[in-house]
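Working notes, structure below.
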Amino acid sequence: MSKFMLLVLFVFCFALTNAVSAQDAQSKTAELTAALGKTKYKKKEKKNISIEIYIDIKSEAVVKGDVREYSGVYEAESDYRLELRVSGNDKVEGNGYDRINNSNKQNFTLKDARIEGALLTATKVYENGETLKFEAVFNNRTVQTGKNPNQIENRETKYGLGFIQANAEWTNRVFLELK
């Protein structure tokens, strides 16, 4: 086989690997975005009183033109915080705190962090040495509330980072708003 043919084969394999990686990131982004959504409707009636509550949460992945635009501080209530730093050469660093296994706040740093499209992947390394795989999606989160789907009283959209936190006993949808 000639050197030229080997070079063509190498370039083809490299391009194929990148295409598969991009498809994988897109499918993980779509899967995670769908998992962050939730719809709940309850109606209770007692005697002459009727109460209806409707909540609809939808997420839409957000892909920025320049990955540096993802830099910032993302927070949710007082239990979660992530400070993300993305440089011009696509270097992604981050640190913050969260709760794992219903414990106290634990500080972590991100290791091997990458951004592909709207998907952030990394390993969280906690101060005690514990590690957790981390996948999150940059998204616009829209929350609609009202009596039912036909009577929406409030609609609010915020930008941030969403992920699923789970252990053997529970699953939690977490949204960190960009501050």
If I filter the range 29-39 for residues that are under 16 Å from VAL143 (Cβ atoms), basic (Lys, Arg) and surrounded by 12 or more Cβ atoms within 10 Å (Cβ to Cβ), do I get at least one hit? yes
Looking at the structure I just gave you, is VAL92 at pLDDT 90 or above and within 30 Å of ILE152 (Cα to Cα)? no
Determine whether GLU52 is within 25 Å of GLU156 (Cβ to Cβ), at pLDDT below 90 and surrounded by 13 or more Cβ atoms within 10 Å (Cβ to Cβ). yes
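For (1) among the polar types (S, T, N, Q); (2) touching a helix residue (DSSP H, G or I) at 6+ places or on another chain (Cβ under 7 Å); (3) loosely packed, with under 15 Cβ neighbours inside 10 Å, each residue gets a yes or a no:
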{"residue": "GLY88", "(1), (2), (3)": "no, yes, yes"}
{"residue": "ASN107", "(1), (2), (3)": "yes, no, yes"}
{"residue": "ILE115", "(1), (2), (3)": "no, yes, no"}
{"residue": "TYR126", "(1), (2), (3)": "no, no, no"}
{"residue": "PHE138", "(1), (2), (3)": "no, yes, no"}
{"residue": "LYS158", "(1), (2), (3)": "no, no, yes"}
{"residue": "GLN165", "(1), (2), (3)": "yes, no, no"}
{"residue": "LEU176", "(1), (2), (3)": "no, no, no"}
Scan the range 159-171 for residues that are over 12 Å from the mean Cα position of the chain (by Cα) and either assigned to a strand (DSSP E or B) or hydrophobic (A, V, I, L, M, F, W, C) (or both) and report the count. 4
What is the number of the single condition among (1) at pLDDT 95 or above; (2) more than 16 Å from ALA76 (Cβ to Cβ); (3) of a type outside the set (Val, Ile, Thr) that GLY117 does not meet? (1)
Kindly indicate the residue of the range 55-86 that is buried (at least 17 other Cβ atoms within 10 Å of the Cβ) and either without any contact (Cβ under 8 Å) to a residue 12 or more places away in the chain or of a type in the set (Phe, Trp, Tyr) (or both) and also farthest from LEU120 (Cα to Cα) among those meeting that condition. TYR80
If you take the residues in the range 136-179 that are of a type in the set (Lys, Arg) and free of Cβ contacts under 8 Å to residues at least 40 places away in the same chain, which one is nearest to ALA35 (Cα to Cα)? LYS158
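The values are calculated or read from the model by the stated rules, or taken from the named source; none is laboratory data. The model shown is predicted, which means the values in this text are computed figures rather than measured ones. Every residue, glycine among them, receives a Cβ derived from its backbone with ideal geometry; neighbour counts consider all protein chains shown.
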